Amino acid sequence: MRGFPGAEEIAGLADPAFAMPARRRETVRALARAVAAGELVLDPGGDRQETVRRLLTVPGIGAWTAGYVAMRALGDPDVLLATDLAARRGAATLGLPDAPSTLDTHSHRWRPWRSYAVIRLWRAA
């Protein structure tokens, strides 16, 4: 049985190994190179704010992706993905504000547990 490939292996894979657009492939490679070089640490015990800051410097990674990584890989309990379509649909289903800015404002009352709220919103979608 083989585990998931490490960052160095992913960075060195040939183009056909990636069934995705070229731009996304280069984002994955850039992320893998940063992890392999120790420039980016994706461990739950790491500094979440610093990791998000570094993720945002990787070409092709935006706020939603950085937030999702913080929530899932780093275990950050207070990430709201206000622009996430499923979270917005879930908010609407539950009678909550569903526009990103109003959902974000409304979510401040859920701090510091907004990541759990996002999961609840996804389930309600």
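Nothing in this text is a laboratory measurement; each read-out follows from the coordinates by a stated rule. These numbers come from a predicted model, not from an experiment. As a convention, Cβ positions derive from the backbone with ideal geometry for all residues, glycine included, and neighbour counts pool all protein chains shown.
Local charge for Asp98 was computed over the other residues whose Cβ lies under 12 Å away, with Lys and Arg +1 and Asp and Glu -1, and equals 0. The helix-based estimate of mean residue ellipticity at 222 nm for the chain, built from -39,500 (n - 2.57) per DSSP H run of four or more residues and divided by its residue count, is -15500 deg cm²/dmol to the nearest 500. The angle between the Cα long axis of helix 22-36 and the main principal axis of the chain comes to about 80°, on a 0 to 90 degree scale.
Helix 114-124 axis versus longest C-alpha principal axis of the chain: approximately 80°, rounded to the nearest ten. Quick check: Cα centre of the stretch 103-119 to Cα centre of the stretch 1-21, how many Å? If we compute the Cα centre of each part, the gap is 35 Å. Considering all different alpha carbon pairs of the chain, the Kirkwood hydrodynamic radius works out to 15.9 Å.
Derived scalar couplings between HN and Hα for the stretch 63-74 equal 4, 4, 5, 4, x, 5, 5, 4, 5, 7, 8, 9 Hz in order, rounded to whole Hz, by the Karplus curve 6.51 cos²θ - 1.76 cosθ + 1.60 (θ = phi - 60°), x for Gly and Pro. Between Leu56, Leu31, Leu13, the residue with the greatest mean-square fluctuation in the GNM of the chain (Cα pairs under 10 Å linked by springs) is Leu13.
Using 5 Å bins from zero, what percent of all Cα-Cα pairs in the stretch 7-72 falls into each bin? Pairs per bin, as whole percents: 3, 18, 27, 25, 17, 7, 2.
Per-residue packing, averaged as other Cβ atoms within 10 Å, sorts the ranges 18-26, 79-87, 61-69 into the order 79-87, 61-69, 18-26, beginning with the highest.
Look at the alpha carbon pairs under 8 Å that are at least 6 residues apart: their mean separation over the length of the stretch 85-124 gives a relative contact order of 56 percent.
Across the chain, the relative contact order, built from alpha-carbon pairs under 8 Å that are at least six residues apart, equals 19 percent. Report note on the peptides 42-50, 98-106: ranked by the mean count of other C-beta atoms within 10 Å, highest first, their order is 98-106, 42-50. In a shell of Cβ-Cβ distance under 9 Å around Gly60, excluding Gly60 itself, what net charge do Lys and Arg (+1) and Asp and Glu (-1) give? Around Gly60, the charge tally is +1.
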